[in-house]
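The values are calculated or read from the model by the stated rules, or taken from the named source; none is laboratory data. A quick note: this is a predicted structure, and the numbers were derived from the prediction, not measured. A quick note on method: Cβ atoms are made from the backbone with ideal geometry, for glycine too, and the neighbour counts reach across all protein chains shown.
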């Protein structure tokens, strides 16, 4: 009986599923494709490889050797230390989400700067009004927390919009590409926040990133600064941010990720003027480019895996990404 | 009695008004600044130069030698041929609006591609949903009608977002900068529309541009294509566009300009799903960068005017821009 790959994703295009099946067969695998986790669970019992987006799949797969997360964030797989055995390879889909998530970040940045939701309420009420003062990315000092493909994709986009200075901040301060004017280590973040007009956050959910945008740090920022978070909700002190917005101590914010998801029905986050809420929809395989890259990266890794070559996007469990 | 400049704009920052007054005095002018057209009208009686945004100012100024429009579009000044005497210099503020209008265009492009107004309705109803399929600028074929600073600013931005091909179309097909993969003449537009994923329109309101995006041309476009118009509403057959959206023959549109402005209360444009409406707010001096550039360009021209040097942004009345 041939070795088995289980692929699980509700949004995968038929031709991409077919592509995995073909390539898998070519490399000696039986590939089973499921749209829902529930249907896939029984099939995981003898799976060697799983490509999916839910920790329940791991639990159901005692023979698992490689789990390929269709997401970038893998905190859900690492918080329970007993879930993934030491010898199971864990890869994520970093690199697949850059275009979609950075476009979402750019869109929401512009929506906050240009007060688009105030304008939208005029349109809903059929009111013709066009004299609200708006901000611009042009000439702005942009600080990006997280310089992977999402942060760097965002940097390229705000560069195209005429940002005057782009600082990339990552764990160690390592160089991250020509698009940045400078890079700095997370330990030095406090030197950059008071200079920042636009703070873009795309950090992984690790113990080190929890609460990075604290009440004190929010207070150190310009009154006109805007905060955009597409990484993990745990990185922001959400209540402190909402207070700062309500008290006009900060210019506004757009959050795609939250301390609790889904957002509880009665959470003030839903209706804070100046806070643009999106429903963790920046990535989520909804863009064709994401799905294509996601599958292509998996198949490239599958080839490496079968040939014993080094794989890409292998998660370092000590770092959490 | 010294020569007189009348400056009229409700959104001008005090320090920018002050800057005009200082520079004007330096060059031998008395400068009067008004926030409203009504207040300014009597002062126009002996004005040599007017910097403003309303044709009524011209009517009130029999001694006028130079009218500097704070807008880019000057159709309102040219449609009545008797308004501006032949020997009055007419300049516009092309070059000042690029950042703001192209950022608006980029934002609304992304909002249409990413179905942001559908998502916004979920958020309004506190519904957590994030699986709508969305589009991307990445890999898109972009066609830009009008290759001035707005069109070219937009080209730079979609380039930063990974557009795969950018065609700029202008009257003659003249070269318009390295950011374009190619430029073409308006006469050849029909060859490009069927290839286009994103059509960005920033054309002036002239007899030649009226109805350029006709019903037939809309029908020649891809079912997934999106149309963004920030130029003049007269360039689009608005009813045909709405029909195409309703019948899913086109992917969606964002209009900032309309056949009739303000939009009539009962116009279907207000509530066509798939059509993002903004209230002609892309430019309108609401961004600080626009106001700064607008004033700086005027003062540069003022220096040229007083010294008899060639002025910039002089409108060619035969072309209308």
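Quick rundown of the values:
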{"quantity": "Checklist (1) within 11 Å of chain B (Cβ to nearest Cβ); (2) within 25 Å of residue A:208 (Cβ to Cβ); (3) surrounded by fewer than 19 Cβ atoms within 10 Å (Cβ to Cβ) applied to residue A:153, failing item", "calculated": "(3)"}
{"quantity": "Test: residue in segment B:51-62 that is in a strand (DSSP E or B) and in contact with a helix residue (DSSP H, G or I) (Cβ under 6 Å, 6 or more places away or on another chain)", "calculated": "yes"}
{"quantity": "Residue within segment B:158-170 that is in a helix (DSSP H, G or I) and farther than 23 Å from residue A:159 by Cβ present", "calculated": "no"}
{"quantity": "Test result for residue B:58, within 25 Å of the chain's Cα centre (by Cα), at pLDDT 95 or above and farther than 27 Å from residue B:150 by Cα", "calculated": "no"}
{"quantity": "Residue within segment B:235-255 that is at positive phi and in the same structural domain as residue B:107 (by TED's automatic domain parsing) present", "calculated": "yes"}
{"quantity": "Qualifying residue in segment B:308-315 (condition: on the phi > 0 side of the Ramachandran plot, in contact with a helix residue (DSSP H, G or I) (Cβ under 8 Å, 6 or more places away or on another chain) and more than 10 Å from chain A (Cβ to nearest Cβ))", "calculated": "yes"}
{"quantity": "Those residues of segment B:42-54 which are touching a strand residue (DSSP E or B) at 6+ places or on another chain (Cβ under 9 Å) and surrounded by fewer than 23 Cβ atoms within 10 Å (Cβ to Cβ), in sequence order", "calculated": "B:43, B:46, B:48, B:53, B:54"}
{"quantity": "Subset tally (residues that are buried (at least 24 other Cβ atoms within 10 Å of the Cβ) and within 9 Å of another protein chain (Cβ to nearest Cβ)) for segment B:286-300", "calculated": "2"}
{"quantity": "Qualifying residue in segment A:70-93 (condition: at pLDDT 95 or above, closer than 16 Å to residue B:108 by Cα and touching a strand residue (DSSP E or B) at 6+ places or on another chain (Cβ under 7 Å))", "calculated": "no"}
{"quantity": "Residue A:89 touching a residue at least 60 places away in the same chain (Cβ under 8 Å), away from every other protein chain (no Cβ under 12 Å) and farther than 22 Å from residue A:283 by Cα", "calculated": "yes"}
{"quantity": "Residue that is surrounded by the fewest Cβ atoms within 10 Å (Cβ to Cβ), among those in segment B:98-126 that are assigned to a loop (DSSP other than H, G, I, E, B) and more than 8 Å from chain A (Cβ to nearest Cβ)", "calculated": "B:125"}
{"quantity": "Residue count, segment B:129-143 (criterion: surrounded by fewer than 21 Cβ atoms within 10 Å (Cβ to Cβ) and more than 7 Å from every other protein chain (Cβ to nearest Cβ))", "calculated": "1"}
{"quantity": "Among (1) exposed (fewer than 15 other Cβ atoms within 10 Å of the Cβ); (2) at pLDDT 95 or above; (3) within 14 Å of chain B (Cβ to nearest Cβ) - the single one residue A:271 does not satisfy", "calculated": "(2)"}
{"quantity": "Filter result (surrounded by fewer than 21 Cβ atoms within 10 Å (Cβ to Cβ) and more than 9 Å from every other protein chain (Cβ to nearest Cβ)) within segment A:244-263", "calculated": "A:245, A:246, A:247, A:248, A:249, A:251, A:259, A:260"}
{"quantity": "Checklist (1) at pLDDT 95 or above; (2) away from chain A (no Cβ under 14 Å); (3) buried (at least 18 other Cβ atoms within 10 Å of the Cβ) applied to residue B:304, failing item", "calculated": "(3)"}
{"quantity": "Selected residue (only one of A:147, A:183 is part of a loop (DSSP other than H, G, I, E, B) and more than 14 Å from every other protein chain (Cβ to nearest Cβ))", "calculated": "A:147"}
{"quantity": "Residue in segment B:69-90 that is touching a helix residue (DSSP H, G or I) at 6+ places or on another chain (Cβ under 6 Å), not assigned by TED's automatic domain parsing to the domain that holds residue B:254 and not in a loop (DSSP other than H, G, I, E, B) present", "calculated": "yes"}
